[in-house]
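The values are calculated or read from the model by the stated rules, or taken from the named source; none is laboratory data. Predicted model, so just to flag it, every value in this text is computed and none were measured. Glycine also receives a Cβ, built like all others from the backbone with ideal geometry; neighbour counts cover every protein chain displayed. For accessibility, only protein heavy atoms count, side chains too; no ligands or nucleic acids. Shrake-Rupley method; radii C 1.70, N 1.55, O 1.52, S 1.80 Å.
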Amino acid sequence: MSDADFLTDTRRFYDAVAEDYAERFRDPHAERPLDRAVLGAYAELVGGTGQVADLGCGPGRVTAYLAALGLRVYGLDLSESMLAVARRENPGLRFEQGSMLDLDLADGALAGVVSWYSTVHFPEDRLPELFAEFRRVLAPGGHLLLGFPVGDRPRRYEQPFGYDGVVEFQRRRPDRIADLLAAAGLSVRARTVRETEGTEASPQAFLIARRP
């Protein structure tokens with residue numbers, strides 16, 4: 001995907017593969033108790049009173065899981081095809097189309113922001129802008145949850161899900177992401193790194209940060 005127009009490239013990819021992606025990752029937490037524990041701890045930190053946004057929600061699986069834990073959560077995604085799956089499978093939840101880089105929200109509107117693997121197509125030089133937007137929409141005391149694969153090089157896939165093209169998924173180092181969050185004014189409260197499971201190619205990192 002090109003750095004120059006990565007949002008368009010990302011939208012095009014997920015519009016093309018939405019149904020196949022949703023079928024393959026139908027129950028992503030079923031055999032990952034550590035992932036469920038992180039989501040549960042995050043839900044306890046945020047509580048059920050404020051609004052939470054699951055940004056880059058895809059087919060809405062994490063949105064639905066957090067809602068079941070008692071959060072007032074809605075999903076946002078670039079891909080209308082992904083959102084069609086999310087709405088079909090979760091008719092009681094709200095899903096909106098939009099970009100994480102330009103959220104239609106007032107300053108301090110959210111108690112929580114979730115970015116569960118939704119930064120994997122962002123070039124590194126756009127992360128400061130993205131994290132600044134996360135901080136802007138979080139209320140003081142609000143929490144951010146980030147999930148991402150660990151590594152120094154992107155993972156390259158040729159024709160994933162039969163898609164006619166090449167897609168790269170960025171891998172990051174938790175310390176580097178923590179530094180970028182701190183520079184954006186978000187204080188990291190927890191870092192969890194687990195080893196690979198199943199077909200994963202990398203360890204997985206989960207960071208929880210707070211807007212002071």
| Restricting the range 4-20 to residues that are modelled with pLDDT of 80 or more and among the aliphatic types (A, V, I, L, M), which is nearest to residue 101 (Cα to Cα)? | 7
| Only one residue in 84, 64, 18 is hydrophobic (A, V, I, L, M, F, W, C), more than 25 Å from residue 204 (Cα to Cα) and crowded, with 16+ Cβ neighbours inside 10 Å, so which one is that? | 84
| request: Scan the range 47-60 and give yes if some residue there is of a type in the set (Asp, Glu) and buried (at least 22 other Cβ atoms within 10 Å of the Cβ), otherwise no. | output: yes
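Matching residues to (1) closer than 16 Å to residue 10 by Cβ; (2) of a type in the set (Asp, Glu); (3) in a helix (DSSP H, G or I); (4) touching a residue at least 60 places away in the same chain (Cβ under 8 Å):
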{"site": "62", "(1), (2), (3), (4)": "no, no, yes, no"}
{"site": "76", "(1), (2), (3), (4)": "yes, no, no, no"}
{"site": "83", "(1), (2), (3), (4)": "yes, no, yes, no"}
{"site": "88", "(1), (2), (3), (4)": "no, no, yes, no"}
{"site": "91", "(1), (2), (3), (4)": "no, no, no, no"}
| request: Please find, among 152, 104, the residue that is without any contact (Cβ under 8 Å) to a residue 12 or more places away in the chain, in a loop (DSSP other than H, G, I, E, B) and among the charged types (D, E, K, R). | output: 104
| note | Condition set of a type in the set (A, V, I, L, M) and open to solvent by 40 Å² or more (accessible area, probe 1.4 Å), scope the range 21-40, selection modelled with the lowest pLDDT: answer is 30
| message | Which pairs turn up if I take residues in the range 38-49 that are free of Cβ contacts under 8 Å to residues at least 12 places away in the same chain and look for partners that are aliphatic (A, V, I, L, M) with beta carbon separation below 6 Å, at least 6 apart in sequence or on another chain? | response | none
| Right, residue 74: closer than 30 Å to residue 164 by Cα and either open to solvent by less than 70 Å² (accessible area, probe 1.4 Å) or not small (Gly, Ala, Ser) (or both) or not? | no
| request: Can you tell me which residue within the range 188-212, out of those that are without any contact (Cβ under 8 Å) to a residue 60 or more places away in the chain and not charged (D, E, K, R), is most open to solvent (accessible area, probe 1.4 Å)? | output: 199
| field | the range 87-99 - residue that is within 15 Å of the chain's Cα centre (by Cα) and open to solvent by 20 Å² or more (accessible area, probe 1.4 Å) and, of those, nearest to residue 5 (Cα to Cα) | value | 99
| task | Could you tell me which residue of the range 159-187 is least open to solvent (accessible area, probe 1.4 Å), considering only residues that are in a helix (DSSP H, G or I) and at pLDDT below 95? | result | 160
| Identity of the residue in the range 107-124, touching a residue at least 60 places away in the same chain (Cβ under 8 Å) and closer than 16 Å to residue 6 by Cβ, that ends up surrounded by the fewest Cβ atoms within 10 Å (Cβ to Cβ) | 123
